[in-house]
Structure formats: structure tokens, C-alpha cells
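Comments concern the structure below.
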Amino acid sequence: MDAKLLAIPLIVSMVAGVSTDRVRSTDTALVGFGTRNDFSETSSTATTGIFGARDWIVKQFDAIAATSGGRMTVRTDDYLQPKTARTPRDVTESSVVATLAGDEPGRTYIMSSHYDDCHGDCTDGTGVAPGADDNASGVAAVLEAARVMAPHHFKGTILFVCFDGEELGLWGSAHLADELKAKGEPVLAMLNNDVIGNSAGGSGVHVFLVLWKAASAVQAYAEKSISALEMCGSDFAVLEALLHKGALPVNEIGRKVLLTSGSITWQLTAWRARAWSSGALTRLTGGPE
């Protein structure tokens, strides 16, 4: 920790109050709902599905609010998300927002995560999607921060938010942002927590899985492109990623860059083969390598 922060007793006290056991317990509890897919909202029970998980998160915030001296309020941000080209129907979104009122109006800070998840098919409300890393880990961080901060006074107002609908297009965060903008809320900063604490697993398993998925995606995309076009359309994907003007998830940028590198490798191989078959490479080099 920075030496200047170590000189602030309140910060030292809050950091010391963080419980790794509680963080693990939160993650485990959220995994226990089986799935937190958006489209499990109609089949959710108290112990399964996304709204079962939502209600559990609300209860955690309610217990935390009880330690705030009446300064924390808890609500859900509910709305009906219309059907899109990617989704089969309308779906109810329900983010959880805990507001810790500051002592001085005029500044708002947000600490957020998302609690929805999916197993690859983000419209499958029946499949198993435990989501321990993506993103029970982020929810655990937000809840733990709220626990250690709620009893204390701060000048600014702090929103602790667990968004719904992020896997399908950042729906929950966009809805809250629009609401805050319409109210003229003076949001000064936001700290988002997504897939935290596992960037370097001791066994390397997580890194292996990421690379394996990336390699599989490159192979499948390249094979499809080759058979259809004799070239890979992903050659142009990196330009889209690098020139994109709006928000683009980091994993999407990585996917496009990886696909591009794979397609360029294939294209060079194809050009070399064509050059040999036409005799152009032989004329340039004087013979086969």
C-alpha cells in the first residue's frame, strides 16, 4: 500500500477489516444458484436462477445497511429490456444498487460489478453457469467493500452496484448511467470489478484455458473463412478493433487481434503456395528453398 495511504488510520482500519473468508463465502454462495443467466429470470426460485441470486445480494446489502446508521439505502433498478437481434424475447433486468449517502452533496462515486453470467450461450436460461470468476468474484469484492465502508462517514456519496444484463450488452450499467445523467448526478469516478483475483493462477490452468479457447476460435474461424472465401475476413478485424470509437470489451479486442494474427499467418502461407505454383517464387529465388 502507498505510504501516504498508510498514514490514514481510516484506510488502514478498513483494509484490515477485509475478510478473505467472507469473500470466498460470497463467491461460493453465488455459484450455488446454478446459473445467473439473464433468461433464467422466469424460472428463478429462492435458491436457483438469476433472481434468486439477486434477492440474495439484496439481503446482503440490507444487512450491511443496518450498520450504516441509516445512511445506506438498497434498491433494485428494474426495467424491461426489449428483444434484440441477439436475444429471443424481452427480458426483465434487475440491477442491485446500494447507496451510501455522503456528508456533503455534490460528488458521487461508484463501485460496481455484474452478477449475471452465461456459459457461452448467453440466452440459455436452463444450462449450468456457475460463474465463479465471471463474475461472482467482482460481486464479492463490491459486497466486501460495502461491509467495511458502510459504518464510516465520507464526504461523497458512494454507490455500490451489482449490475444485471452485462453479458448481453452492458444493459444494466447503461440503464443506470442514463438514469444518473437524467438526474444530473455528479459522478466523479467509477471503479468496476470484473473477473478479479485470477489473472495468474498458481497452476496456470486459467491461462491455459484462455489460450486454448483462443486457439480453437482462431482455427474454427479460419477454416470457415478459407472454405467460403479462400481468404480470412478477420484480416480486417484488427482495424475495426483499433479504430472502434465506442466501448469495446477487452476480451472482444483480444479475440479480434488473435483471429487477425491467425488469418494473416494463413494468408501468407496461401500466397506462398500460389507463388510456387505459378513459378513466380522460383524465378525470384532461383529455385525451391
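What the table shows:
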| quantity | calculated |
| --- | --- |
| Members of the range 27-51 that are part of a helix (DSSP H, G or I) and buried (at least 21 other Cβ atoms within 10 Å of the Cβ) | D27, L30, D38, F39, S40, G49, I50, F51 |
| Condition broken by S199, with the remaining ones in (1) modelled with pLDDT under 95; (2) assigned by TED's automatic domain parsing to the domain that holds M72 satisfied | (2) |
| Near pairs, Cβ below 6 angstrom, 6+ apart or cross-chain, from the range 27-51 (over 17 Å from Q81 (Cβ atoms) and of a type in the set (F, W, Y)) to any residue that is at pLDDT 95 or above and assigned to a loop (DSSP other than H, G, I, E, B) | F33/T48 |
| The range 61-79: number of residues that are under 25 Å from the mean Cα position of the chain (by Cα) and hydrophobic (A, V, I, L, M, F, W, C) | 3 |
| Of the criteria (1) under 20 Å from G165 (Cα atoms); (2) in contact with a strand residue (DSSP E or B) (Cβ under 6 Å, 6 or more places away or on another chain), which one T108 fails | (1) |
| Selection within the range 132-162 - of a type in the set (F, W, Y) and without any contact (Cβ under 8 Å) to a residue 60 or more places away in the chain | F154 |
| Enumeration of residues in the range 1-26 that are among the hydroxyl-bearing types (S, T, Y) and either at pLDDT 95 or above or not in a helix (DSSP H, G or I) (or both) | S19, S25, T26 |
| Restricting the range 118-151 to residues that are outside any helix (DSSP H, G or I) and modelled with pLDDT of 95 or more, the residue that is surrounded by the fewest Cβ atoms within 10 Å (Cβ to Cβ) | P151 |
| Only listed residue being part of a strand (DSSP E or B), in the same structural domain as T108 (by TED's automatic domain parsing) and without any contact (Cβ under 8 Å) to a residue 24 or more places away in the chain, chosen from D55, D78 | D78 |
| All positions within the range 104-116 that are assigned to a loop (DSSP other than H, G, I, E, B) and modelled with pLDDT of 95 or more | Y115, D116 |
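Matching residues to (1) in contact with an Asp or Glu (Cβ under 9 Å, 6 or more places away or on another chain); (2) within 25 Å of T47 (Cβ to Cβ); (3) among the acidic types (D, E):
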| position | (1), (2), (3) |
| --- | --- |
| G69 | no, no, no |
| T73 | no, no, no |
| S94 | yes, yes, no |
| V97 | yes, yes, no |
| D103 | no, no, yes |
| C122 | yes, yes, no |
| A129 | yes, yes, no |
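The values are calculated or read from the model by the stated rules, or taken from the named source; none is laboratory data. Please read these numbers as outputs of a predicted model, since none were measured by experiment. Heads up, the Cβs are rebuilt from the backbone with ideal geometry, glycines too, and the neighbour counts pull from every protein chain shown.
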